[in-house]
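Novice: Below is one structure. I have some questions about it.
The values are calculated or read from the model by the stated rules, or taken from the named source; none is laboratory data. If you're wondering where the values come from, they're calculated on a predicted model, not measured in any experiment. When we count neighbours, we look across all protein chains shown, and the Cβ atoms used for this are built from the backbone with ideal geometry, even at glycine. In case anyone asks, the SASA skips ligands and DNA or RNA and just uses the protein heavy atoms, side chains included. Shrake-Rupley method; radii C 1.70, N 1.55, O 1.52, S 1.80 Å.
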Amino acid sequence: MSGFPILSLMLLVPLAAALVCLYLDAKSARVLALAATLANLALGVVLWLNFDVGGAQWQFQESHALFAGFKYALGIDGIALLLIMLSVFLMPVCIGASWKSVEKRVGEYMAAFLLVEMLMIGVFAAQDLFLFYIFFEAGLIPMYLIIGIWGGADRIYASYKFFLYTLLGSVLMLIAMLWMVNVSGTTDIPTLMAYDFDPQAQTWLWLAFFASFAVKMPMWPVHTWLPAAHVQAPTAGSVILAGVLLKMGGYGFIRFSLPMFPEASAQFAPLIWGLSMTAVVVTSLIALVQDDMKKLIAYSSVAHMAIVTVGLFAFNAQGLEGSMLVMLSHGLVSGALFLCVGIIYDRLHTREIARYGGLAINMPRYALFFLLFTMASIGLPGTSGFVGEFLSLAGAYQVSSWVGLISTTSIILGAAYMLYLYRRVVFGPQKNADAAAMPDLDAREILMVVALGIPVLWMGIYPESFMAPMRADIAALEARIARAAPEGDAKPTAGNPKPAHEEVSAHEGAH
Amino acid sequence: MDWSQSLRLIAPEETITVAGLVLLLVAAWGGDKASRLISIVSVATLVAAMVLVAPALCGGAMGPETSAFFGQFRADAFASYAKILIYGSAAVTLVLAPSYFERYDSMRAEFPLLVLFATVGMGMMVSAADLLTLYIGLEMMSLSSYVLAAILRSDGRSAEAGLKYFVLGALASGILLFGMSLTYGFAGTTSFVGINASVSEGLSNGALFGIVFMLAGLAFKISAVPFHMWTPDVYEGAPTPVTTFFATAPKVAGLGLIMRVLLDAFGDQAAAWQQIILFVALASIVVGALGAIGQSNIKRLMAYSSINNVGFILVGLATATQAGASGMLIYVTIYVAMSIAGFTAILMLKDENGNYVEDIPKLAGLSRTRPGLALALATVMFSLAGIPPLFGFWGKFVVFQAAVQADMLALAFIGIAASVIGAFYYLKVVKVMYFDEPADVVKGESDVWHKLILVVACAFISPLGYLLTSWLGETANTATTALFAAL
């Protein structure tokens, strides 16, 4: 297995399928896209099974000097493996979600999605700085088309906002990358991760990378493209956007900002905490007053991503592992929630919360799964959301009690807006006749929600499966950034207990 | 240095000139009926000239043995690189043109000849090693271009374009000539080597004024801000094949010439002109990007896009390093391909009566009525915007890499941030073609040559182009090594 270029194959399958899809009619394009994404999922499973946990840090490496100035170099560690798995797992669900709802220009639609899949895998697998940048940026084109062609009413505005916001962030990062390569003389990401840049220069480099990742993440206050893009994107577009594209920001922090610029990361950690705390409170409150289901979930995504950044910049293993788990969990849960919204949107063609109500009566199965994902989003123990959020917040608490405290309000506020949403949509009287007449889930929909539900519970009950592959990488990262880690504010002083026998002998002496 | 060697070095120019003169006689006797034959022979001549200049590039020719006519002319690898692009663009123009002019029933025998003579002039520009060669080449190109812009005599817009181009171009030539005379007055010589020797100690105020005026004249020729005003009108008014020509070959020649003048003649005084180029580059990027936003004619949009792209190319020059010069050559190569692809696609936009469609709103929903054409145009737009994985990104990458290596971080930051403004109007075209409801205006069929050129050019600017990066980089390095060795 060692010599087989499985990562290249995982890039090639969706690319080839995308090119073919352009020339197919609607029906065969759907089938081909599903087959290609399932094939990639199978390849992903093979990848995971062959991943040597506890082995070399970088596995499945490939490198070819195809280009001037940078290499075609791929390779993954545990972190990348998990994110690739998330991508390949969500893709068939996305294709399934658009099986019936997308009717116009199906071939192009499927081609765009397959291209997105290829580029996402590329982002996580790239081991060359500029190869990463090309994959990272190229995703803009298919996403722009997906939002703009198949989106809702304000799709044009949303697509522009998405494109220009993210482009501005990324081009600044490009200049920083050029500078780094000029100074260090290499484009190899593993080498750069161990390269010590001058702390003064790190400040600027960190800011340039931050400009890109903060927009992609998205962090408050540059998150405003996200609700616009989400609301207007088709269901599958939202799933991919929330499920995987948002993870690029977190992946960027974990792969670039932290290991390459540890001093600057420590210097800017208070900024990140401040923005994240604001995001947790502000976007949660905004989510509370939304009338539009997708907007509500989009704002909740911003709040969850703030938990990720808090955990990342806690500079300890709990925080980092927790952030990774929140990313994975949020990928599944928010994807599932968008899917749930999409399911009822397909029936009633509105996202307005007030138009629904009492769905538990006519759609009991839907209500069950919607509840599962709602609870996972809140972070109920036993679901995937709990593990990640708990670890992240525990990590943050070690560094700053205030950050821990305020970030934890996300759980309370999250429960508030999610349960409020659930109550209005699923419980209560059936006040709208058309909503009351909606049929329950069909086989295709059950298949999709079950597929998403299983890993949500798996991650909640036995997270070790997901933590084992990345444990060594997180430990390496923690060791790398340890020198810059900010001191915790709690300053617990070790007690000064006397050995037990001394106490005993002292008592005896008193006798 | 003897005459036979000099004559051997200018073999490509001789070939084109002789062919041009012979074809001129054919045109005189054969009339417009012979235009097809003349076009074919002209293209063959240009291809032959490309073959003649190729060995100098492959062999990395440089140094004294490339110098002809007592140091007035230089047939080195740098000149060859630029000439291949120029001859290639001219040949593509000649292939594209007939179907356009036949539509207006005005395919004139003079058209290929004017292109040939303009090409000779451009070849001299990039080979210039003396102010006089420079000026002769420049005027030969300019005079032919003025006529080319106005060649569609029956069309008011074309005549207007020709007149505007002529009046403003003549003014620019005058300014350039004034700058040259100042330079000559203070340096005491017209040869680049001599100028370089005389200013290497320090630049007198007079020579500085000379540089400023020469740059003003040259900036006009490459349509850099603040001498860009003619570009949108001329691009819009000139017949589309002529616009294709203007967007490609003269840009290469003008940029090659500026590189020769600044990096050879004034190479030791980079500090004197770097600021000027810096300003011109940034101003071109910003004005090109902002000006394009309100345009609804796609040719005008391409004009502003060319101003914008010239700004990015000049970022490479502002570094005054060899890496910057190589980056310019790579960028200009990609830019030529993007322009050819873009204008070929524009030439293929015809309504059912065969009239050319230039209004962007009329392209609405093109992706549904003509998916292939829309895909090609979208590729060009994303590539011009510099979005990876399209090849246009690579051009920006190399010039900004050179800027970062030269420690010009502020320039790099501002330049690349301004590229986001540019992305806005490229996106607008894509939006119209892909998001809007079909207007169903574009229905006409195109001939097979257009399709072939479009496919080849689009393949070059597609991600496949990255496979050429090593080869392109090495070739550009060979060329700029010759440029820097010319002193």
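Novice: Can you list, largest first and rounded to whole Å, the semi-axes you get for the range B:173-320 by taking the square root of 5 times each eigenvalue of its Cα gyration tensor?
Specialist: Here the semi-axes work out to 30, 15, 12 Å.
Novice: On average over all directions, what projected area in square nanometres does the range B:362-470 have, based on the convex hull of its Cα atoms?
Specialist: 7.9 nm²
Novice: Would you mind getting the accessible area per residue of the protein assembly as shown, heavy atoms of the protein chains only, 1.4 Å probe, in Å²?
Specialist: 34 Å²
Novice: Oh, and also: Accessible surface of B:Glu65 in the full protein assembly, 1.4 angstrom probe, to the nearest 10 Å²?
Specialist: Taking all protein chains as shown, B:Glu65 has close to 110 Å².
Novice: Taking beta carbons within 10 Å but only from partner chains, what does the mean come to for residues A:134-141?
Specialist: Other-chain Cβ atoms within 10 Å of each residue's Cβ, averaged: 5.
Novice: If you average 1/r over every pair of different alpha-carbon atoms in the range B:243-365 and take one over that average, what Kirkwood value in Å do you get?
Specialist: 15.6 Å
Novice: Quick one: divide the alpha-carbon radius of gyration of the range B:324-373 by 2.2 N^0.38 Å and tell me what you get.
Specialist: So the range B:324-373 has a normalised radius of gyration of 1.54.
Novice: Calculate the all-directions average of the projected area of the range A:25-117's alpha-carbon convex hull, and give it in nm².
Specialist: Across all orientations, the range A:25-117 yields a mean hull projection of 7.5 nm².
Novice: Separate question: Would you mind working out the magnitude of the charge dipole of the range B:1-71 relative to its Cα centre, with +1 at each Lys and Arg C-beta and -1 at each Asp and Glu C-beta, to the nearest 20 Debye?
Specialist: Here the size comes out at about 280 debye.
Novice: Follow-up. Explain nothing, just compute: Karplus ³J(HN,Hα) = 6.51 cos²θ - 1.76 cosθ + 1.60, θ = phi - 60°, for every residue of the range A:278-291 in order, whole Hz, x for Gly and Pro.
Specialist: 4, 4, 4, 6, 5, 5, 5, 5, 4, 4, 4, 9, 6, 9
Novice: Calculate the radius of gyration of the Cα atoms of the range A:112-187 to one decimal place, then report Dmax, the largest Cα-Cα distance, as a whole number, both in Å.
Specialist: When restricted to Cα atoms, the range A:112-187 yields Rg and Dmax of 14.4, 48 Å.
Novice: Follow-up. What's the Kirkwood radius of the range A:109-236 in Å, using all Cα pairs?
Specialist: 15.6 Å
Novice: Percent of Cα-Cα pairs per 10 Å bin, from 0 to the last occupied bin, for the range B:106-199, please list those.
Specialist: Spelled out per bin, shortest first, that is 17, 37, 27, 14, 5, 0.
Novice: Something else: Sort A:Tyr23, A:Tyr299, A:Tyr165, A:Tyr462 by accessible area with a 1.4 Å probe, largest first.
Specialist: Solvent-accessible surface, decreasing: A:Tyr23, A:Tyr462, A:Tyr165, A:Tyr299.
Novice: Using 0.36 nm per residue, how much length does the chain from B:Lys451 to B:Ala410 gain when fully extended, once their Cα-Cα distance is taken away?
Specialist: Extra length available between B:Lys451 and B:Ala410 comes to 10.5 nm.
Novice: Something else: Consider all pairwise Cα distances in the range A:368-511 and report the whole-number % of them above 26 Å.
Specialist: Every Cα pair in the range A:368-511 considered, those over 26 Å come to 54 percent.
Novice: Also: A:His230: net charge of surrounding residues, Cβ under 11 Å, Lys/Arg +1, Asp/Glu -1, itself excluded?
Specialist: Counting the neighbours of A:His230, the net charge comes to +2.
Novice: Across chain B, how large is the tail of the calculated P(r) beyond 34 Å, expressed as a percent of all Cα pairs?
Specialist: Distances greater than 34 Å cover 29 percent of the Cα pairs.
Novice: Which order, highest average first, do A:148-157, A:89-98, A:8-17, B:243-252 follow once you tally other Cβ atoms within 10 Å for each residue and take the mean per peptide?
Specialist: Final packing ranking: B:243-252, A:89-98, A:8-17, A:148-157.
Novice: Right, something else. Please determine, in degrees from 0 to 90 and to the nearest 10, the orientation of helix B:131-149 with respect to the longest principal axis defined by the Cα atoms of chain B, where the helix direction is its Cα long axis.
Specialist: 10 degrees
Novice: Now a separate question. Just the number, please: Stokes-Einstein D of the range A:233-298 in µm²/s, Kirkwood Rh from C-alpha pairs, 4 °C, 1.567 mPa s.
Specialist: The Stokes-Einstein estimate is 93 µm²/s.
Novice: Can I ask one more? With a 1.4 Å probe and all protein chains kept in place, how much accessible area does A:Asp434 have, in Å² rounded to the nearest 10?
Specialist: Taking all protein chains as shown, A:Asp434 has close to 70 Å².
Novice: Give me the Kirkwood hydrodynamic radius of the range A:217-332, using the inverse of the mean 1/r over all pairs of distinct Cα atoms, in Å to one decimal.
Specialist: This gives a value of 14.2 Å.
Novice: Could I ask something else about it? Stretch A:Leu457-A:Leu371 to full length: gain in nm at 0.36 nm per residue minus the Cα-Cα span?
Specialist: Extra length available between A:Leu457 and A:Leu371 comes to 29.7 nm.
Novice: If the convex hull of the alpha-carbon atoms of chain A is projected onto planes in all directions, what is the mean projected area in square nanometres?
Specialist: One quarter of the hull surface, i.e. the mean projection, equals 27.6 nm².
Novice: Can you report the principal axis dimensions of the range A:302-437 using only the alpha carbons, biggest first, rounded to whole angstrom?
Specialist: Largest to smallest, the principal-axis extents are 53, 23, 23 Å.
Novice: Let me ask another. Can you give me the P(r) profile for the protein assembly as shown? Cα pairs, bins 20 angstrom wide beginning at 0, each as a whole percent.
Specialist: Each 20 Å bin holds this share of Cα pairs: 13, 40, 30, 14, 2, 1, 0.
Novice: Once every Cα of the range B:1-113 carries one equal point scatterer and solvent is ignored, give the base-10 log of I(q)/I(0) from the Debye formula at q = 0.13, 0.15, 0.16 Å⁻¹, two decimals.
Specialist: -0.56, -0.69, -0.76
Novice: Using a 10 Å cut-off around each Cβ of peptide A:56-69, what is the average number of partner chain Cβ atoms that fall inside?
Specialist: Counting other chains' Cβ atoms within 10 Å and averaging over A:56-69 gives 2.
Novice: Now for a different question. Radius of gyration and Dmax for the range B:61-112's Cα atoms, expressed in Å?
Specialist: My reading of the Cα-based Rg and Dmax gives 17.1, 50 Å.
Novice: Assuming 0.36 nm per residue, please report the length gained on full extension of the stretch A:Gln430 to A:Asn182 beyond their Cα-Cα distance.
Specialist: The span from A:Gln430 to A:Asn182 would gain 82.8 nm if fully extended.
Novice: Further question: Rounded to whole Å and sorted largest first, list the principal axis extents of the Cα atoms in the range A:334-393.
Specialist: Between the extreme Cα coordinates on each principal axis of the range A:334-393 lie 39, 19, 16 Å.
Novice: Also: Per-residue ellipticity at 222 nm for the protein assembly as shown, helices alone: DSSP H runs ≥ 4 residues times -39500 (n - 2.57), over residue total, nearest 500 deg cm²/dmol?
Specialist: Dividing the helical sum by the residues of the protein assembly as shown leaves -24500 deg cm²/dmol.
Novice: At 7 Å along Cα-to-Cβ for each site, give me the label-to-label distance between A:Ala437 and B:Ser470 in nm.
Specialist: 6.7 nm
Novice: Using a cut-off of 14 Å between beta-carbons, work out the net charge of the residues near B:Thr321 (Lys and Arg +1, Asp and Glu -1, B:Thr321 not included).
Specialist: Local charge sum for B:Thr321: -2.
Novice: Moving on to the next point. Given the protein chains as shown and a 1.4 Å probe, how many square angstrom of B:Glu352 are accessible, to the nearest 10?
Specialist: For B:Glu352, solvent-accessible area is about 140 Å².
Novice: Given bins 10 angstrom wide, list per bin the percent of all Cα-Cα distances in the range B:442-487, short to long.
Specialist: Spelled out per bin, shortest first, that is 22, 28, 25, 17, 7, 1.
Novice: I would also like to ask the following. What fraction, in whole percent, of alpha-carbon pairs in the range B:37-178 exceed 20 Å separation?
Specialist: The calculated P(r) of the range B:37-178 puts 53 percent of pairs beyond 20 Å.
Novice: For the range B:45-90, divide the Cα radius of gyration by the Kirkwood radius and give the resulting Rg/Rh value with two decimals.
Specialist: 0.99
Novice: Ok, one more. Evaluate peptide A:148-159: per residue, the Cβ atoms of other protein chains within 10 Å of its Cβ; return the mean as an integer.
Specialist: 2
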